[in-house]
1. Over chain A, what is the relative contact order in whole percent, taking alpha-carbon pairs under 8 Å and six or more residues apart?
2. Based on alpha-carbon atoms only, what is the radius of gyration of segment A:58-136 relative to the globular estimate 2.2 N^0.38 Å?
3. Ignore the peptide's own chain and count Cβ atoms of other chains within 10 Å of each Cβ in B:112-118; give me the average, rounded.
4. Which of the residue pairs A:Lys64/B:Lys103; B:Lys77/B:Lys111; A:Lys23/A:Lys69; A:Lys494/A:Lys516 have a Cα-Cα distance greater than 21 Å in the structure shown?
5. For segment A:460-483 and segment B:343-357, compute the distance between their C-alpha centroids and round to whole Å.
6. Looking at the protein assembly as shown, what % of the alpha carbon pairs are farther apart than 50 Å?
7. Quick one: grab Rg to one decimal and Dmax as a whole number for segment B:181-513, Cα atoms only, in Å.
8. For segment B:35-128, which GluC sites (Glu not before Pro) are in a loop by DSSP, counting at most 15 other Cβ atoms within 10 Å?
Number of protein chains: 2
Amino acid sequence: MLSPRRRWQVGKLPLMSALERLKERTREISHLGSAAAVLGWDQQCYMPPGAAAARADHLATMSKLIHEKFTSDEMGKLIEEAARETEGMPFESDDASLVRVIKKDFERETKVPTELVAEETKTTALAHEEWVAARKANNYKHFQPWLEKIVDIERRIAEARGYKDQIYDALMDPFEPGMKTSEVEAIFDAIRPELVQIVKDIKDSGVEVDSSILHRKYAIDKQREITNDVASRIGFDFKTGRQDEAAHPFCTSFATSDVRITTRFDENFLSGSVFATMHEAGHAMYEQGFPEHFEGTPLRGGASLGFHESQSRMWENQVGRSRPFIEYYFPVLQEKFPESLGDVSVDQFYRAANKVEPSLIRVEADEVTYGLHIMLRFELEKEMIAGRVDFNTLPELWNSKMEEYLGITPDSDANGVLQDVHWSSGIIGYFPTYQLGNLISAQLWEMIRGEITDLDDQIRRGEFSNLLAWLRKHVHAHGCKFEPADLIQRITGKPLDSKPYLTYLRSKFGTIYGIK
Amino acid sequence: MLSPRRRWQVGKLPLMSALERLKERTREISHLGSAAAVLGWDQQCYMPPGAAAARADHLATMSKLIHEKFTSDEMGKLIEEAARETEGMPFESDDASLVRVIKKDFERETKVPTELVAEETKTTALAHEEWVAARKANNYKHFQPWLEKIVDIERRIAEARGYKDQIYDALMDPFEPGMKTSEVEAIFDAIRPELVQIVKDIKDSGVEVDSSILHRKYAIDKQREITNDVASRIGFDFKTGRQDEAAHPFCTSFATSDVRITTRFDENFLSGSVFATMHEAGHAMYEQGFPEHFEGTPLRGGASLGFHESQSRMWENQVGRSRPFIEYYFPVLQEKFPESLGDVSVDQFYRAANKVEPSLIRVEADEVTYGLHIMLRFELEKEMIAGRVDFNTLPELWNSKMEEYLGITPDSDANGVLQDVHWSSGIIGYFPTYQLGNLISAQLWEMIRGEITDLDDQIRRGEFSNLLAWLRKHVHAHGCKFEPADLIQRITGKPLDSKPYLTYLRSKFGTIYGIK
């Protein structure tokens, strides 16, 4: 006997098209995903310490359910039927895009055996703890067997997914759909020597930027007010979002109408919180900008992590660390912190916020050196996955690249090869998206400046609505309908290009450091 | 073809007993319930205003999934098989109790047609808005058709569930398992005249208690510190819980290791926040006290809403509003608020916190009059469900009972028949549990005082661990293994009894008001 609930469904389903049923299914999966995201947010913002184990169980159940629902045979059939129903529709249409996006994800997810996914989940859960211990003890050897195990698992996952060119393609694809390793290599190869040269020129310029003013005393409750203020001014909508505090700043989204950002405070470092907020608000405004009718569909999402990062970097760097923005906002900061900023000029603050200096830790790197940190990781990941790395010598490999690109050598593995959480979590193929984001942001920025010709003046007056409207129209409105290479072409009429990025850096830091 | 995930499951299941599989199923359902509870907590504590619609969708999907999973045919079969497997086990055993509890819930849930559940959900969602509007406009007529509709739906739900004696039994059962309307009637009939008499005696005593000191200025940030402090002192564990702020104080629990309470602040009312916190902490310590191995099972939960309320009331009233507690804690309050409490004595504060005065609003009522508010609602609900109420005259019925029990007449329907949220949400059968909680707390309290003979002295020294340990052992350790009538008998050796409650009130308020 069917239960009443199921009898009711059976009576209802035949009236709907496969596409409609597919949308209903994906809506349910999307809602479960949103619920899991709320749990993740709470875990990082408010959860009491003793609840960690229970929360892990709850999240595991949610993930399992989502995975089961998404990879079910029924879903596969629905996708096939819906694909037939939407065959003649334009590529750009919402329905054709929806089916295209789901189909690709479904095929990737179902190719990997469940046992392998379970092995990945279990291994990375354990490995994460071991990485924490290893980093704390500055003991790479302790982590090495786990890293080897994880790389082996990721390699098998990549093999299961399949690839045409390089194995690393299969790992990058979930983060940067359609992007090929060879394309990233070509781009990175073009910018690496340029970045190394800029760093060298800056060093040789003899110009010393004093950033000590950012490390004066900045009361945390005032920083909290300022970070909410700045997010609000640039366009983050607090009616459909909020900002909290977490150990690591992040943005998460439960719906277009519910986007959360976090920041962190250090009483002795002002720009840490302010620019982290602008960065996360950039992600968040992307999430707040998806069309309403994408809600509950897989189209509600950024085109790629690179595109997402383009939005965060643009608001953090092209806007936040720009001269016009600092001319606009520095007086607000000065009024809030008269003791610490009363004797500081706009120029001093601008230069301090843009100090370039090779350093060991990626997340603390400036606009110029950041890309070199990424390239180093990209290169090592590729080699590891391709089986070309002797794990015994990985720290030396890391250190020699640091020396080559940045001219500095890590004082410890904790500040070197062990510094990032990604590998211990099985996240390989993600790093390049950070730098692709920088490139995309520069390419978009060049175009925006061509279309909003008085953008600097607008920013200087605290007007961000035209900029945001441009991003809404050209970037946000598409959600993840198009793969990133397609989207950048559609928007700018050109493929992804490293020139705008290099021009931007040369121009900005050339002025600050009096080079070229 | 089966998907990999399902192939793996099929290979695994035959090795497990039905009981084990049932536990696995209920664990999954429990985790989904926890996730939904996190969403509910966030909704009331942090969610941005614009997210309401999306959150409602997410919660609806979660509820639907939980309901589907719980009422599936497969679940029915597993329960039957597990019942056979546990047949010979002792009634008190965890496994027998687990099957017993699930079986009862399953049978109740599956008896109600899905269409009727859907009608209830839809109608109450709309009715809630109408109730808000009606209360705001003080317009009972506006809400009346909705109330009639809801009562009709609840009556049909009760009929579907079935009952032996009175129809109201079927509505009370989910909240107070096994409790019969006739039992509640007998108890309430015994205490009603006594309460009316105490209220009258207090009025006639001529003693005036001045509670204006509670309405002086109490800075909210200091109240926040005090409410965290008091919760911590009485035994609420902040390692496995936290306190936030919400419009209406509540307690919610995602796991034994993750229990959240909320309170609210009014700068001009101190005891509102302090006693609300103690009340919610009482609920929370029950939730923090379940055995670890109940986690993820349906046994993790209070025996009934009445039992839950017995814990909150005990910590709020028998402890918090007692003379020994106020002797202990008033100096802390005085030190925190020297301007407002510097000239106040312990005695003044104790009397102010225990002022008895008939008032219109249930949630603001004191210990003595509270029960009369409940009885009024219980009587009206019973009559409505039995079809013996003319809805045109409901406000007059309400007002005449207020006059009869409390000697006051509501100045408006907003402060009368429209004041509570329950009916608009389809919650009928819940109200009596508040008063049952008062009775249970008094009956337990009497026993505790017999066993911990120096309890007053312990409280006066701020020692609550023996009291909490007693509750852990005798109440919390059982979760919801036993129905409330069974549990009170097991603990106290007697059925639920109104005498301890009446003795407690007579003794406490007799002293304060110099009566009898």
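1. Relative CO of chain A lands at 20 percent.
2. 1.52
3. The mean count of partner-chain Cβ atoms within 10 Å per residue comes to 3.
4. Long pairs (Cα-Cα over 21 Å): A:Lys64/B:Lys103; A:Lys494/A:Lys516.
5. 60
6. Roughly 33 percent, rounded to a whole number.
7. 19.6, 56
8. Passing both the DSSP loop test and the Cβ count: B:Glu87, B:Glu92.
Values in this text are rule-based calculations from the coordinates and carry no lab data. What you see is a predicted model, and the numbers here were worked out from it, not measured in a lab. Note that each Cβ is placed from the backbone with ideal geometry, even for glycine, and that neighbours are counted across all protein chains shown.
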